[in-house]
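Q: A single structure is presented below for examination.
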Amino acid sequence: MAELDKPKREVDVPSDWTYASAPESRDIVHIRERYGQFIGGEWLEPAETYETIAPRDEEPLAAVGQGTPEDVGRAVAAARAAYADGWSALPGSERAKYLFRIARLLQERSREFAVLESLNGGKPIKESRDVDLPLAAAHFFYYAGWADKLEYAFPNRRPRPVGVAGQIIPWNFPLLMLAWKVAPALACGNTVVLKPAETTPLTALLFCDVLRQAELPAGVVNIVTGDGRTGAAIVESEDVDKIAFTGSTEVGKEIQRRLAGTGKRLTLELGWKAANIVFDDAALDQAVEGIVNGIYFNQGHVCCAGSRLFVQESIYEPLVAKLQRRLATLRVGDPLDKNTDVGAINSAAQLEKIRELVASGVEEGAEIYQPPCDLPEKGYWFVPTVFTNVAQSYRIAQEEIFGPVLSVLTFRTPEEALEKANNTPYGLSAGVWTEKGSRILWMAQRLRAGVVWANTFNRFDPTSPFGGYKESGFGREGGRHGLEPYLRFEE
Ligand code: NDP
């Protein structure tokens, strides 16, 4: 039979290719009704509590302690006792064993932690599962490796621990920021009092159970929950030797003022308005993926987010068209759905801040693009947004929005790109997209940013130091450099 004479078979071609939902079960997580303060290896009853919620639907999750100055005092005393009772004198190889154990336990319990992180913080499960948890474990593995090699890391300098470290972390990467801070501190022989952010305390509280499993001596790590007042009490505590802070520039400056003249050590990892620079010879499709990853990863709640996009004029139109098409494919919704690309905004206050800054962009004359998007009715949500026609003076080009909002600006020459990128009081990160290696090096040498990514963005690795220039802070976390703030040197 001739091909054309064959009877045609009806084939069922689906017309709708939308993803079915693929929710991760939350049954793996057990959340207690009420949490106390984890001090000296025990749970102490809090004087006062507040409710922590799930930003995806505002569901109350648990009552959590509002740490008082007395709680902080107890935690610092427990950390001091643990420091003096043997932790600081333990051989590095012994400290390493605890860190290796913690790393392995985080790996074993990673699904549980990832679900809790997404539930309490709002970030998509695929990010907490594939980024936050593997990186948190990797930090403990990495610093476990350094614990018995400090003499080699700093030859002829006799490294010694600093003492009790007060650590204050934000809500955008709750467990990962804890790992960034706790792992190097313990590797160097210090003890810790850590305060998680008010809105995202639950993974830090679950981490206390990992400490129990790892049989870490009591008091080596103490977790005190609460709001900014608890953080301020840690900063003011007289018996703390070092403060490590990640958060807003405003609070960072306030802490620096308070510590001036006290002799306490300080490292600050603060905000930024990163420049992501695309030259006309870049691979555009790859660049678009990098731009999306740079600003919509973790809803843009990223201190090094690529929130200012600089595009060479000759490719402006095709790039913006590609970007807008890509934006329309981002799936915004339930953080526990494995298909979700952009989850919930962390809190009502943060959503308000994003809305206010976006309104200012429209008012100042920028052009807004938001793809059609069905947002859930309950919870805190913001549609991924691109602003074009942005002037450098606009607030959306100057201030950290800390949300899924991108401002697009243009340039003609590398010199102009550089001048515009550096025209900010901050300097945490930057990205360069070009196929020319020499141009990457030329730009990287001149960009005033702690990290410069080339043909990629938002890549993190425990071996690589991370930190800021100018108002983005000082001190480095990660890598061998990340050990230094936790050491003093006996010459
Ligand atoms: P903050 O700087 O206020 O919070 C960071 C941490 O510091 C939290 O644990 C916070 O507690 C604590 N804290 C607040 N006030 C004090 C104080 N006076 N002394 C000591 N500790 C304090 O950031 P926010 O969470 O309020 O976010 C505000 C803005 O900061 C965001 O919109 C974003 O622009 C930026 N930000 C930048 C981050 C970064 O990584 N660079 C991270 C987070 C925010 P509590 O949670 O109770 O406020």
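Q: Could you please give the count of residues in region 259-279 that are more than 22 Å from residue 400 (Cβ to Cβ) and out of contact with any Ser or Thr (no Cβ under 7 Å at 6 or more places or on another chain)?
A: 7
Q: Here is a follow-up. Look through 155, 159, 184 and report the one residue that is surrounded by fewer than 24 Cβ atoms within 10 Å (Cβ to Cβ), at pLDDT 95 or above and away from the ligand (no atom under 16 Å from the Cβ).
A: The match here is 159.
Q: While we're here: How about region 369-385: which of its residues are over 25 Å from residue 198 (Cα atoms) and surrounded by 16 or more Cβ atoms within 10 Å (Cβ to Cβ)?
A: If the condition is that a residue be over 25 Å from residue 198 (Cα atoms) and surrounded by 16 or more Cβ atoms within 10 Å (Cβ to Cβ), then 369, 370, 371, 373, 384, 385 are the ones that fit.
Q: Next up: State yes or no: is residue 334 more than 20 Å from the chain's Cα centre (by Cα), charged (D, E, K, R), part of a loop (DSSP other than H, G, I, E, B) and more than 16 Å from the ligand (Cβ to nearest atom)?
A: No: the conditions fail for residue 334.
Q: In addition: Taking the options 57, 16, name whichever one is open to solvent by 30 Å² or more (accessible area, probe 1.4 Å), assigned to a loop (DSSP other than H, G, I, E, B) and at pLDDT 95 or above.
A: 57
Q: Regarding region 23-30, can at least one residue be identified that is part of a strand (DSSP E or B) and among the acidic types (Asp, Glu)?
A: no
Q: Another question about this same structure. What's the number of the condition residue 120 fails, among (1) of a type outside the set (D, E, K, R); (2) within 30 Å of residue 340 (Cα to Cα); (3) open to solvent by 60 Å² or more (accessible area, probe 1.4 Å)?
A: Tallying (1) of a type outside the set (D, E, K, R); (2) within 30 Å of residue 340 (Cα to Cα); (3) open to solvent by 60 Å² or more (accessible area, probe 1.4 Å), residue 120 fails exactly one: (3).
Q: Now, a different point. Within region 277-323, track down each residue that is within 30 Å of residue 120 (Cα to Cα) and polar (S, T, N, Q).
A: 293, 298, 299, 307
Q: Taking residue 191 as meeting all but one of (1) touching a strand residue (DSSP E or B) at 6+ places or on another chain (Cβ under 7 Å); (2) surrounded by fewer than 24 Cβ atoms within 10 Å (Cβ to Cβ); (3) modelled with pLDDT of 95 or more, write down the number of the exception.
A: Of (1) touching a strand residue (DSSP E or B) at 6+ places or on another chain (Cβ under 7 Å); (2) surrounded by fewer than 24 Cβ atoms within 10 Å (Cβ to Cβ); (3) modelled with pLDDT of 95 or more, only one is false for residue 191: (2).
Q: Do any strands (runs of 3 or more DSSP E) lying entirely in region 396-491 carry at least 2 residues that are touching a helix residue (DSSP H, G or I) at 6+ places or on another chain (Cβ under 8 Å), surrounded by 24 or more Cβ atoms within 10 Å (Cβ to Cβ) and not charged (D, E, K, R), and which ones are they?
A: It comes to 405-411, 429-433.
Q: Can residue 113 be described as among the aromatic types (Phe, Trp, Tyr), under 30 Å from residue 188 (Cα atoms) and surrounded by fewer than 19 Cβ atoms within 10 Å (Cβ to Cβ)?
A: When the stated conditions are applied, residue 113 does not pass them.
Q: Only residues in region 409-431 that are of a type in the set (Lys, Arg) count as the first member; pair them with residues that are away from the ligand (no atom under 16 Å from the Cβ) and open to solvent by 40 Å² or more (accessible area, probe 1.4 Å), Cβ under 7 angstrom, at least 6 apart or cross-chain, and list the lot.
A: 412/313; 420/392
Q: Let me ask something else. So residue 373 fits all but one of (1) modelled with pLDDT of 95 or more; (2) closer than 17 Å to residue 331 by Cβ; (3) touching a strand residue (DSSP E or B) at 6+ places or on another chain (Cβ under 7 Å); what number is the exception?
A: Here residue 373 meets the rest and fails (1).
Q: State whether one or more residues within region 261-277 are under 18 Å from the mean Cα position of the chain (by Cα) and either open to solvent by 60 Å² or more (accessible area, probe 1.4 Å) or among the aromatic types (Phe, Trp, Tyr) (or both).
A: Yes, the conditions are met somewhere in region 261-277.
Q: Can I ask one more? I'd like the full set of residues that are within 17 Å of residue 410 (Cα to Cα) and either away from the ligand (no atom under 16 Å from the Cβ) or open to solvent by 10 Å² or more (accessible area, probe 1.4 Å) (or both), limited to region 291-306.
A: 291
Q: Return yes when residue 332 is in contact (Cβ under 8 Å) with a residue 12 or more places away in the chain, open to solvent by less than 10 Å² (accessible area, probe 1.4 Å) and not basic (Lys, Arg) and no when it is not.
A: No.
The values are calculated or read from the model by the stated rules, or taken from the named source; none is laboratory data. Computed from a predicted structure; not experimentally measured. When we count neighbours, we look across all protein chains shown, and the Cβ atoms used for this are built from the backbone with ideal geometry, even at glycine. Protein only, heavy atoms only, side chains kept; ligands, DNA and RNA dropped before computing areas. Shrake-Rupley method; radii C 1.70, N 1.55, O 1.52, S 1.80 Å.
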